[in-house]
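Read-outs throughout are calculated quantities, based only on the coordinates presented, and are distinct from any laboratory measurement. Quantities reported herein were computed from a predicted structural model and do not represent experimental measurements. Please note: Cβ atoms are built from the backbone with ideal geometry, for glycine as well, and neighbour counts cover all protein chains shown.
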Amino acid sequence: MASTIVNAPYTVPSVKGFDTQNYVGLRLISSLRFNSGRTSISERSQRLLVVRASERHDGHLKKIEMSIEECEAAVVAGNVPEAPPVPPKPAAPVGTPVIQPLQLSRRPRRNRQSPALRASFQETSISPANFVYPLFIHEGQEDTPIGAMPGCYRLGWRHGLVEEVAKARDVGVNSIVLFPKVPDALKSPSGDEAYNDNGLVPRTIQLLKDKYPDLVIYTDVALDPYSSDGHDGIVREDGVIMNDETVHQLCKQAVSQARAGADVVSPSDMMDGRVGAIRAALDADGFHHVSIMSYSAKYASSFYGPFREALDSNPRFGDKKTYQMNPANYREALVEAHEDEAEGADILLVKPGLPYLDIIRLLRDRSALPIAAYQVSGEYSMIKAGGVLKMIDEERVMMESLMCLRRAGADIILTYFALQAARCLCGG
Ligand code: PBG
């Protein structure tokens, strides 16, 4: 008897957690494959998690020698069959002190003493469905490695990208976020390329939606990849980042992305009032169904270094401290989050991730909206570097860091490890 509890396309439930291998009744049936409708995705597998009710014994019964009544009568008559002996108490090593046991009413280790018990009491779970895979794209045909992010590439939008998305979908990661490397010649002080409907991002969205209609596409809304100054907003002569003028551009950018088919537009610029303005602009153009994931608490962090190398988007001068938040601040995250929520954000994001777990927890406890965490480039590269240098176990640290982001309260995690971690969760 089998009952299907998960039957969504491309959902690969997590059956391999820290301790959760091979539990009775849980089996990942990966040999089942069937079409999902469109020919372009029909080769992809669907996986089902099947829970088997306790095995039926029909046909497997041993030859019956005694009836139940006879067995009971035997026991009543004092003829008790022998059970295997209780194993002897394991010996302690020589030199172990002989002591009186501590009088403890609570020994929390009792609940941790076997893999099955640990699995029973595991409070947090993680699955490929929780991941959003950030992908770097460029106009070229080849994939070029990103020096500061081992294992990451600027992907050719027509080839490498499409293959990478297919790989991710194969292990249940069906959400991506796009970051474009824009040719210098298309950059300008006002970042107008950001809303070119034939630009790299809209073109890529259209291509991906054509190939994978059910793929969830998040986009980044900010001017930095398009700004000749490398800032997220328009820079005035005296270096001031112009808020409202930038928001005007961001609205056009978001609408252009929505027009191309984006599912979730994600303002990462930290201008004031941009969520409300983008919501109004989307609605005015009929994109009521397009969500906004707001980078509510985005800190002016040095953990973004490798990303800026990837996109060649380092600010040409100054820093981003007049718009991104001070890493020393906690309460200020609430101000930002309340504002974004009131303006109509659908998802609140905290960035970076691991050094900012307290902020994730804060927003989780103070908002009913889904919370996203961004495990940023610097966090990724540190784990990769530690692994390459054999200082840490890369895979275990990767999985632990992602689990910790979930434990802190993140519903979804934007992570460059999405594919690697999903493969790991699928037992690959
Ligand atoms: C820019 C943007 C940045 C990241 C995502 N969007 C960099 C920045 O703010 O300078 C960083 C992501 C990462 O480091 O992985 N709007």
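When you filter the trypsin sites (Lys or Arg not before Pro) in region 360-397 for DSSP loop state and at most 13 other Cβ atoms inside 10 Å of their Cβ, you are left with Lys390. Taking amide H as placed 1.01 Å from N in the peptide plane, Ala300 has its amide H under 5 Å from the amide H of Met325, Asn326, each at least 5 places away in sequence or on another chain. If the elastic network links every pair of Cα atoms under 10 Å, which of Ser127, Ser302, Ser190 fluctuates the most in the Gaussian network model of the chain? Answer for the Gaussian network model of the chain: Ser302. Restriction of the trypsin sites (Lys or Arg not before Pro) in region 181-255 to DSSP coil positions whose beta-carbon has at most 15 other beta-carbons within 10 angstrom yields Arg236. Take the Cα of Val94, step 7 Å toward its Cβ, do the same at Ser188, and the gap between the two points is 8.5 nm. Applying the criteria of a DSSP loop state and at most 11 other Cβ atoms within 10 Å to the GluC sites (Glu not before Pro) of region 66-128 yields Glu82, Glu123.
Note on the chain: the C-alpha convex hull projects to 30.9 nm² when averaged across all orientations.
Between Val86, Val165, Val397, the GNM of the chain built on Cα springs shorter than 10 angstrom shows Val86 fluctuating the most.
Enclosing the Cα atoms of region 155-219 in their convex hull gives a volume equal to 82 cubic angstrom per residue. Under the simplified labelling scheme, the Val216-Ser125 pair shows an inter-label distance of 1.6 nm, with each label point 7 Å from Cα along Cα→Cβ. Taking Cβ atoms as reference points and 14 Å as the exclusive limit, the residues near Gly286 contribute a net charge of 0, counting Lys and Arg as +1 and Asp and Glu as -1.
Centre-to-centre, using Cα atoms only, region 295-368 and region 208-244 are separated by 15 Å. Using R0 = 30 Å, the C-beta based FRET efficiency linking Asn198 and Thr322 works out to 0.40. Pair-distance distribution of region 93-228: all C-alpha pairs, bin width 5 Å, starting at 0; shares per bin in whole percent are 2, 8, 14, 15, 13, 9, 6, 5, 5, 5, 5, 5, 4, 3, 2, 1. Contact order, relative form, for the chain: 15 percent (alpha carbon pairs under 8 Å, 6 or more residues apart, mean separation divided by residue count). Only the Cβ atoms of Lys and Arg (+1) and of Asp and Glu (-1) were treated as charged; on that basis the dipole of the chain about its Cα centre amounts to roughly 1640 debye. Across region 183-188, computed HN-Hα scalar couplings (Karplus, 6.51 cos²θ - 1.76 cosθ + 1.60, θ = phi - 60°) run x, 3, 5, 9, 7, 8 Hz from first to last residue, x flagging Gly and Pro. Simple rule: put +1 on each Lys or Arg Cβ and -1 on each Asp or Glu Cβ in region 128-426, find the dipole, and look at Val171, Pro315, Ser302; the Cα lying farthest toward the positive end is Val171. Between Val388 and His289, the contour length at 0.36 nm per residue exceeds the Cα-Cα span by 31.3 nm.
For Phe303, what is the net charge nearby, where nearby means another residue's Cβ is under 15 Å from its Cβ and Lys, Arg count +1, Asp, Glu -1? Spelling it out: positives minus negatives among the neighbours equals +3. What's the longest bit of the chain with no exposed chymotrypsin sites (Phe, Trp or Tyr not before Pro), using DSSP loop states and at most 16 other Cβ atoms within 10 Å as the test? That would be 122-316. What's the percent breakdown of Cα-Cα distances in region 216-346 across 10 Å bins, shortest bin first? Percent of Cα pairs in each bin: 13, 43, 36, 8, 0.
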